[in-house]
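Taking it in order: structure first as structure tokens, then the write-up.
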Amino acid sequence: MLEAEPTVEAGTHLAELLAAIDRFRQRPKTNRQPQELAAELKGIRHAGDLLELEFAETTAAFSKTEEYNEQGSVSPIDWIRHQCRMSTGAVWNSLAVGEHLDDLPRSVEAVESAEIGYAHLTLMARTAQSMQGSSTAAPFEEGGLLDKAREYSVGRLWYFCHHMRHATDPEEFAAEQSRATESRTLKMSTYEDGSLALEGWIDPVGGAVVRSALEPLAQPHGDHDERGREHRNADAFVEVCSHVQDIGVLPQRPHLQVTASLDTLRAVAGSPAGDMEYSLPVSAATVRRLACDGTITRVVLAPESVVIDVGRARRVVAGAMRRALNARDGHCKWPRCERPAYWSDAHHVVHWTDGGDTDLTNMILLCHRHHWMAHEGGWQLVRTAEGEVLAVPPRPPGLARVADAEDPVEAARQFAEQLRVARSLRTDWPPGDRIAADDGAWARVMEAHDAAVHQANQRSDLGDDAPDPAA
Ligand SMILES: [Zn+2]
Ligand SMILES: [Zn+2]
């Protein structure tokens, strides 16, 4: 009611708006027919969308002032969150829309004419925001997104935005997912009575693995199953863990449902992300890891969206081949890792989508963590003729890969030596730790290494018959 809003002065535009809303709310509501209700729903939603536009514009204007500070808040977002009684996410959405009105002029018109919803516009603004915040993204264009917004539901557009960002900015997309993985955590606290409290955060792909393992077990089963969803989750979690202990190994790797185009599998620039059950779209690097050992249900789509291969959740590396690999490697072959073979994936050093063979010379066992590091983590692995595996740390983007050097094994050895020298320059690097790419000493090591690789490449550029490292 107006009386409850002491901040609104009489005679202002805002007072007029509130008075109009008040009158609307007092309209007769008895005996409304279904068609009238339907029409009202659409009309009220549209009115709400228009107000959201106003709210977003005002949010952006307010965030440029110091008023939040004057009023003792730490940020404009925080002020709006408290004073307008909104969730943080909702405030960020309003700010994103407000700050990108100029990038989305046709889309704003489309909201005004009720062709698309404000919820569509929010997704488009968040996409513009993340693309403009990335140094590797293509310039943001509203046209393509607007066409999709007219056609798609909000949920479908949400997926499409992820795919578009992957197609136009795969580096940042993969980097975001890697950051999500780096924030993983699972805190276990045992209470006095012995109860275990779990508190955690798992990245999208890890989360999908957890969910696809728990979901089938967490369904209501048998007569008289009156457990709530969260009770069933807890039971499923305990069931999985006790089963692992019973037989020493999970009975079956989770069958992750991944749908990806061939271009995505081949990490072709401009390809969409992969779709994964229980997860947001995942980066090409992740699709390649999951497909590396084939412990997923693959549905591979040709560019024209024709399903050309529906995998049956069988391993790419199975049967005798896998047993031979287990026997040869025995455990994860990452330097100094001894996770047993049955907890490890068969990693293709040269990915099978790049023409790598599924034979022993091109495969090594890697545990879950190290398989991630080899794909999404940007580490490069080189297998020497003697079977020794050299792990080369992630490189700043845009620099050559060891695999592109004329002699990858020699390049990796040199690299390892340079790394040893770099480490000796920095005594505060504990062995085995990640090194920040922007570290000064690191940059010097990289420069030396890149000069060597560049020289090698120039030599090999001279002849057409240069050896293909992927061959
Ligand atoms: Zn792999
Ligand atoms: Zn390992």
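The values are calculated or read from the model by the stated rules, or taken from the named source; none is laboratory data. The shown structure was predicted, so the numbers you read here are calculated from the model rather than taken from an experiment. Positions of Cβ are generated from backbone atoms using ideal geometry, with glycine treated the same way; all protein chains shown enter the neighbour counts. Heads up: the accessible areas ignore ligands, DNA and RNA and are worked out on the full protein's heavy atoms, side chains in. Shrake-Rupley method; radii C 1.70, N 1.55, O 1.52, S 1.80 Å.
Quote the FRET efficiency, to the nearest 0.05, computed for T361 versus E338 with a Förster distance R0 of 25 Å and r equal to the Cβ-Cβ distance.
Using R0 = 25 Å, I get an efficiency of 0.65.
Which residues in the stretch 35-72 have a backbone N closer than 20 Å to a point placed 7 Å from the Cα of D78 along the Cα-to-Cβ line?
Of the residues in the stretch 35-72, 59-72 have backbone N under 20 Å from the label point off D78.
Per residue, how many Å² of accessible area does the stretch 70-153 show with a 1.4 Å probe?
50
Return the long-range amide H neighbours of R266 (sequence gap of 5 or more, or a different chain), with a cut-off of under 5 Å between placed amide H atoms.
Under 5 Å from the amide H of R266 lies no amide H from a residue far enough along the sequence or on another chain.
For an R0 of 22 angstrom, estimate the FRET efficiency from the Cβ-Cβ distance between D354 and E410 and round to the nearest 0.05.
Once the sixth-power term is evaluated, E becomes 0.55.
Given a 1.4 Å probe and every protein chain left where it sits, what share in percent of the accessible area of the stretch 1-99 is carbon and sulfur?
On the stretch 1-99, the fraction of accessible area on carbon and sulfur atoms equals 55 percent.
Quick query: amide H of W334 versus all other amide H atoms, modeled in the peptide plane; which residues come in under 5 Å with a sequence gap of 5 or more or a different chain?
Long-range HN contacts for W334: C367.
Report ³J(HN,Hα) in whole Hz for each residue of the stretch 7-17, in order, from the Karplus equation J = 6.51 cos²θ - 1.76 cosθ + 1.60 where θ = phi - 60°; Gly and Pro get x.
Coupling constants for the stretch 7-17: 7, 8, 7, 4, x, 7, 4, 5, 4, 4, 4 Hz.
Points 7 angstrom from Cα along the Cβ direction at R27 and S135: gap in nanometres?
Output for this residue pair reads 5.4 nm.
Give me the net charge of G89's neighbourhood, meaning all other residues with Cβ under 12 Å from the Cβ of G89; Lys, Arg count +1, Asp, Glu -1.
+2
May I ask you to evaluate 6.51 cos²θ - 1.76 cosθ + 1.60, the Karplus curve with θ = phi - 60°, for each residue of the stretch 57-70 and list the ³J(HN,Hα) values in order in whole Hz, giving x for glycine and proline?
Result, ordered by residue: 4, 5, 4, 5, 5, 5, 5, 8, 9, 9, 4, 4, 5, 3 Hz.
Be a star and scan the stretch 170-193 for residues whose amide nitrogen sits under 12 Å from the point 7 Å along the Cα-to-Cβ vector of E199.
186-190
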